[in-house]
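Trainee: My questions will all concern the structure given below.
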Amino acid sequence: MLGGNVFGWTADEATSFQVLDAFVAAGLNFIDTADSYSTWVPGHSGGESETIIGNWLKRSGKRDQVVIATKVGSEIPGQGKGLSRAWIMREAEVSLKRLQTDYIDLYQSHRDDANTPVEETIESYAQLIKQGKVRATGCSNFTVERTQESLAASARHSLPRYESLQPHYNLYERAGFESGLQQLALQETLGVIPYYSLASGFLTGKYRSVDDLSKSPRGQAVKKYLNDRGFRILQALDQVAEKLQARPAQVALAWLMARPGITAPIASATSVEQLNELVGAVQLELDRASIDLLDRASAYEAPEKRIA
């Protein structure tokens, strides 16, 4: 799944178009974005990514060849946030306009909103689905408990349910997903589309010391991985990559794709060259010995299970 967070940030419109063209040409079709991308960039107000994707859809005429996923709920500075009916309805219209499309394939709750009853949120999504503006819904950054609560409310009221989860999950960040959400996803047959699949680029092998952190705007986000466990993971990635004549990033994505319940890992690219490297992961099948090596290298102290 192609991450759209870089569009309009570290990839300008022309580059973003090239990446999107190459992505579809490679036979892939799933694109993820959000209304809040990229509010963290000075001078941006949100919607930059959706706008670029919308311009590309209009120019390319490839709307029927792609699955577009976007999100609502994160704060848009000076405007609002959350999962209330009013905010969802407003933002859905804004996203549709920016994306220059009549429907959103997968509309996701970006972050939980403790101040809004889950019933209000799923009823709002049900209305959008009934109107034909949304095809399916999902949630991102939800706890096991809140996901269960939302699914139970959908069943109780006979309303469309969340069909997917978007958790933070990769070879380094394993505990959060594996301590409950993974089991829930398998039990409920939820699609899982993990973000930060390459740990902000750390799992590409690009960052191996503090001196490497200046290599990109995302470098500082990688500092926390420069520890014994992180270096152990990189060493295992290097070993498997050499054995399979692949790149560390491809191995990291292939590991995710081999995990129970994973539908598609999300990864972003700021050039066609980067994209082509990531696409190579689709053809890479890890043998049991390689998976075991990566599992051992990335082993962590498991928290208590949180699911009944």
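Trainee: Could you give me the percent of Cα pairs per 5 Å distance bin for segment 1-106, shortest bin first, beginning at zero and ending with the bin that holds the maximum distance?
Mentor: Bin by bin from 0 Å, the calculated values are 2, 13, 26, 25, 18, 10, 5, 1.
Trainee: Report the Cα centroid-to-centroid distance between segment 117-193 and segment 35-100 in angstrom, as an integer.
Mentor: 20
Trainee: Quick check: with the 1.4 Å probe, what order do Tyr196, Tyr37 take by accessible area, largest first?
Mentor: In descending accessible area the options line up as Tyr196, Tyr37.
Trainee: Within a Cβ distance under 15 Å of Pro194, other residues only, what is the Lys/Arg minus Asp/Glu net charge?
Mentor: 0
Trainee: For Thr189 paired with Glu285, estimate the spin-label separation in nm (one decimal), with each label point 7 Å from Cα along the Cα-to-Cβ line.
Mentor: Going by the 7 Å Cα→Cβ label model, 2.5 nm.
Trainee: Among DSSP beta bridges whose residues both lie in the chain, state the antiparallel percentage, nearest 5.
Mentor: 5
Trainee: While we're looking at this one, here's another question. Could you tell me the largest-minus-smallest coordinate of the C-alpha atoms of segment 126-238 on each of the three principal axes, in descending order and whole angstroms?
Mentor: 54, 29, 20
Trainee: Can you give the accessible area per residue of the chain, in Å², using a 1.4 Å probe?
Mentor: 44
Trainee: Further, regarding this structure: Using Stokes-Einstein with the Kirkwood hydrodynamic radius over Cα pairs, what translational diffusion coefficient do you get for segment 224-308 at 20 °C and a viscosity of 1.002 mPa s, in µm²/s rounded to a whole number?
Mentor: Answer from the Stokes-Einstein relation: 153 µm²/s.
Trainee: Using a 1.4 Å probe on the protein chains only, how many percent of the accessible area of the chain belongs to carbon and sulfur?
Mentor: Carbon and sulfur atoms account for 49 percent of the accessible area of the chain.
Trainee: Now for a different question. Quick check: residue separation of Ala152 and Gln65 times 0.36 nm, minus the Cα distance between them. What number comes out in nm?
Mentor: Taking Ala152 through Gln65 to full extension adds about 28.0 nm, to one decimal.
Trainee: Averaging the inverse of every distinct alpha carbon separation and then flipping it gives the Kirkwood radius. What is it for the chain, in angstrom units?
Mentor: For the chain, inverting the mean 1/r across all distinct Cα pairs yields 20.0 Å.
Trainee: Under the 0.36 nm per residue contour assumption, what length would be gained going from the current alpha-carbon distance of Thr263 and Gln79 to full extension?
Mentor: 62.9 nm
Trainee: Give the long-range amide H neighbours of Leu165: residues separated by 5 or more places, or on another chain, with amide H under 5 Å away, using H modelled in the peptide plane at 1.01 Å from N.
Mentor: Counting only residues 5 or more places away or on other chains, the set is Cys139, Gly191, Val192, Ile193.
Trainee: Karplus couplings for segment 262-272 from phi (6.51 cos²θ - 1.76 cosθ + 1.60, θ = phi - 60°), rounded to Hz, Gly and Pro as x?
Mentor: Per residue, the Karplus-derived 3J(HN,Hα) values read 6, 8, 7, x, 9, 9, 10, 9, 10, 7, 5 Hz.
Trainee: Ignoring everything but the protein chains, give the 1.4 Å probe accessible area of Glu48 in square angstrom, nearest 10.
Mentor: Solvent-accessible area, nearest 10 Å²: 40 Å².
Trainee: Could I ask something else about it? Could you order Asp64, Asp21 by accessible surface area, starting with the largest, using a probe radius of 1.4 Å?
Mentor: The residues order as Asp64, Asp21, largest area first.
Trainee: If I model a spin label at Asn276 and His168 as a point 7 Å from the Cα along the Cα→Cβ vector, what separation in nanometres do I get?
Mentor: Computed distance between label sites Asn276 and His168 equals 3.4 nm.
Trainee: For n ≥ 4 DSSP H runs only, could you compute -39500 (n - 2.57) per run for the chain, divide by its residues and tell me the 222 nm figure to the nearest 500?
Mentor: -12000 deg cm²/dmol
Trainee: OK, next. For segment 197-252 and segment 253-299, what is the centre-to-centre distance using only Cα atoms, to the nearest Å?
Mentor: Cα centres, segment 197-252 to segment 253-299: 13 Å.
Trainee: List, in the order given, every pair from Lys62/Lys133; Lys58/Lys206; Lys71/Lys97; Lys71/Lys206; Lys223/Lys243 whose Cα-Cα distance in the structure shown is over 23 Å.
Mentor: Table pairs above 23 Å Cα-Cα are Lys58/Lys206; Lys71/Lys206; Lys223/Lys243.
Trainee: Report the relative contact order of the chain, percent, no decimals, based on alpha-carbon pairs under 8 angstrom and at least 6 residues apart.
Mentor: Relative contact order, the chain: 17 percent.
Trainee: Within segment 77-115, find all residues whose amide N lies under 11 Å from a label point positioned 7 Å from the Cα of Lys58 along Cα-to-beta-carbon.
Mentor: Only 97-101 pass the distance filter.
Trainee: Ranked by accessible surface with a 1.4 Å probe, highest first, in what order do Met257, Met1 come?
Mentor: Of Met257, Met1, the descending order of accessible area is Met257, Met1.
Trainee: Testing the spin-label approximation: label points 7 Å from Cα along Cα→Cβ at Gln235 and Asp295. State their distance in nm.
Mentor: 2.0
Trainee: When the chain is fully extended, how far beyond the present Cα-Cα distance does Val41 get from Glu242, taking 0.36 nm per residue of separation?
Mentor: Additional length available on full extension: 68.6 nm.
The values are calculated or read from the model by the stated rules, or taken from the named source; none is laboratory data. All values derive from a computational prediction rather than experimental measurement. Here Cβ is always computed from backbone atoms with ideal geometry, including for glycine, and neighbour counts include all displayed protein chains. The accessibility values were calculated without ligands, DNA or RNA, using every heavy atom of the protein model including side chains. Shrake-Rupley method; radii C 1.70, N 1.55, O 1.52, S 1.80 Å.
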